[in-house]
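Taking it in order: structure first as structure tokens, then the write-up.
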């Protein structure tokens, strides 16, 4: 957690705004992003990612 996120938490900013800031600053990856990265790395299949995401 960086200073910006820490400050947002201390100021009791709502969760969606904290999440958006964390994603923007590359501190948080969504399940979808992680699944695609693992697919590119050959650790799983796109079918498995889609199943996990219920797409």
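Any read-out appearing in this document is the output of simple, stated calculations on the displayed coordinates, not a laboratory observation. Note that the structure is a prediction, hence the values are computed from the model and not measured. All Cβ positions, glycine included, derive from the backbone under ideal geometry; neighbour counts span all protein chains shown.
Before moving on, here are some points about what is shown:
- Test result for residue 54, closer than 15 Å to residue 1 by Cα and free of Cβ contacts under 8 Å to residues at least 40 places away in the same chain: no
- Selection count, segment 27-47, where residues are touching a helix residue (DSSP H, G or I) at 6+ places or on another chain (Cβ under 8 Å) and in a helix (DSSP H, G or I): 7
- Scanning segment 1-26 for residues that are outside any helix (DSSP H, G or I) and under 16 Å from the mean Cα position of the chain (by Cα) yields 1, 2, 25, 26.
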